[in-house]
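Reading through the structure tokens given below for one structure.
The values are calculated or read from the model by the stated rules, or taken from the named source; none is laboratory data. Values in this document were obtained by computation on a predicted structure and should not be read as measured data. Using ideal geometry, Cβ is built from the backbone for each residue, glycine included, and neighbour counts are taken over all protein chains shown.
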Amino acid sequence: TGPDDAADDSVYELLHMIDLAMYPAPAEESAVDDFAVLLLCALRYNMRGRVLRTRKDIPLVICGENRHAKMDMCIVNQNKILLLIQEDKQHMDNSDPEPQLIAEAITVFAANNQTCRQTSNLTPLDSKIMARITMKGTTPIFYKIKVTVALVTSIRGEAYPQEATTVYAHIPNIPRPNHRWSEGMKPLDNRQVILSCYEAFKQFVN
């Protein structure tokens, strides 16, 4: 089904945004972030107490140097960042989004712990499974990344981590996997599978 088949304006907007996100113009920012905002709102990822943010900047110390990580999009509540969404920008610069996603997961874990100490009077966590999504067009990959205080300390102090960082990835099992990137969420059968994955992934956004 396409935008013209939509029963109301909100569904029309979402279906139309699928088209815009699927076909980015060369050397231009795509509509993936705009699509992700609409989709996650429609799926109620932004329940009461949560807000969708784009281009949020977070400070980070790496090897003794103060740096910043700018998030494509994230879901936040009053105290912490709950979910990061990173666009796969290989159509622009051939970059791999996964290293950036892992770096941002570490950044967010450290920032959340700092918020716990400074403003919330909560005990910082020793470790946490961080929920992350990369999107190429409208096709997502879902990640769970275990981040620990020891890993953050190693990065800050220029030391090689003593333990490996475990990253779990889930690629939706769509009917035609060889056409995953070209079809995205346009076919209805793909859309049903991917939407079910988004629903199942909500349990890790906490």
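A few points about this structure:
- Of the residues making up the stretch 8-40, those that are at pLDDT below 80 and crowded, with 21+ Cβ neighbours inside 10 Å number 1.
- Gln192 falls short on exactly one of the conditions (1) under 26 Å from Arg44 (Cβ atoms); (2) polar (S, T, N, Q); (3) surrounded by 15 or more Cβ atoms within 10 Å (Cβ to Cβ), and that condition is (3).
- The single condition among (1) in a helix (DSSP H, G or I); (2) under 12 Å from the mean Cα position of the chain (by Cα); (3) modelled with pLDDT of 75 or more that Gln86 does not meet is (1).
- Scanning the stretch 147-161 for residues that are modelled with pLDDT under 75 and either surrounded by 12 or more Cβ atoms within 10 Å (Cβ to Cβ) or not small (Gly, Ala, Ser) (or both) turns up Ile155, Arg156, Glu158, Tyr160, Pro161.
- Apart from one condition, Val108 fits all of (1) buried (at least 16 other Cβ atoms within 10 Å of the Cβ); (2) part of a strand (DSSP E or B); the exception is (2).
- Answer residue from the stretch 162-203, given it is modelled with pLDDT under 95 and aromatic (Phe, Trp, Tyr) and is nearest to Ser127 (Cα to Cα) among those: Tyr168
- Note on the stretch 122-206: enclosed helices (runs of 4 or more DSSP H) holding 2 or more residues that are more than 18 Å from Leu14 (Cα to Cα) and out of contact with any Ser or Thr (no Cβ under 9 Å at 6 or more places or on another chain) are 149-156, 188-201.
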